Amino acid sequence: MAEASGSSAADTGASPQTPPPVVKGKKDGLVLIHSGDGKGKTTAALGLALRALGYGWKVCMIQFIKGKWSCGEHEAAKAFGGRFEIHPMGDGFTWDTKDRARDIARVREGWDLARQKAASGEYRMLILDEINYVLGYDYLPAAEVVEFLTTRPANLHVVLTGRNPPPEVEAVADLITEMVKIKHPYEAGIKAQKGIEF
Ligand code: ATP
Ligand code: MG
C-alpha cells in the first residue's frame, strides 16, 4: 500500500500499526458489494445467507443472470422450509443480445420483484446477484438502485454482486470487497466442477 502523504506517524504520535479511528454507530442493515474479476462473489453472498438463516431470518436472492446449470444452492435452499428464496430471473438472458428490449423487460421483472420483497418487510437479507452486470449494460438505471438502497427498510441487508459496480452505487455501500483472480482452473483447461462452480 502507498504511504500516506502529509502528516506522518511521528506528527500524530501514533504508531504505524494504529488502526484508523472507528466511528461508532448502530446500523441495522448494511449495503454490501462483492465485485472483481476473481471467483467468489456469488458464493460469498451465499455464505452471508447461511449466516443470516442461522438466526431464523428470511433471505431472498434474485438472480439477474441465469447460469448454464442448475446450481447446488437451489437444492440447498429447500432445506430452509421457505425461509430462503432464490428467484432466477435471467431466463433467456444473453450478452450476445438479439432482443435488447426483451432483456430489459426481464431485468425489470426481477427488479420489481426485488423491490416488492424488500417492501414486504419479511426479509432481513436481499441478495441482488449479478446486478452489477445489468447496471453496466444500462439495462437498469443506477440512479434507481441508489434510490432503492437509500430508502429501503432500515434493517434490510442488501448484497449486490458482479464486476464493475457503478461508482454511484459504490458511494452508498457500507462494505465493498473486490475478488482478485490469482489463478482460476479454467486457465488450466479444467472444466466447471460440481459443488464449486454450480
Ligand atoms: P461464484 O458463483 O463461483 O462465486 P462469481 O460469482 O465470483 O463466482 P461470476 O462472475 O458470477 O463469478 O461468474 C460465474 C462463473 O464464472 C462461476 O462459475 C465462476 O467460477 C466463473 N468465473 C469467475 N471468475 C472467473 C475467472 N476469472 N475466469 C474464469 N471463470 C471465472
Ligand atoms: Mg456470480
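Across the stretch 35-62, what is the total count of residues that are within 16 Å of ligand 1 (Cβ to nearest atom), part of a strand (DSSP E or B) and closer than 18 Å to ALA118 by Cβ?
2
Only residues that are in contact with a helix residue (DSSP H, G or I) (Cβ under 8 Å, 6 or more places away or on another chain) and within 16 Å of ligand 1 (Cβ to nearest atom): list them for the stretch 111-136, please.
ILE127, LEU128, ASP129, GLU130, ILE131, ASN132, VAL134, LEU135
Residues that are open to solvent by 70 Å² or more (accessible area, probe 1.4 Å) and within 19 Å of VAL31 (Cβ to Cβ): find the strands (runs of 3 or more DSSP E) completely inside the stretch 63-170 holding 3 or more of those.
none
Being at pLDDT 90 or above and either among the polar types (S, T, N, Q) or touching an Asp or Glu at 6+ places or on another chain (Cβ under 6 Å) (or both) is true for just one of LYS78, LYS58. Which residue is that?
LYS58
The values are calculated or read from the model by the stated rules, or taken from the named source; none is laboratory data. All values derive from a computational prediction rather than experimental measurement. Cβ: placed from backbone, ideal geometry, glycine included. Neighbour counts: every protein chain shown. Accessible surface is based on the protein model in full, side chains and every heavy atom, while ligands, DNA and RNA are left aside. Shrake-Rupley method; radii C 1.70, N 1.55, O 1.52, S 1.80 Å.
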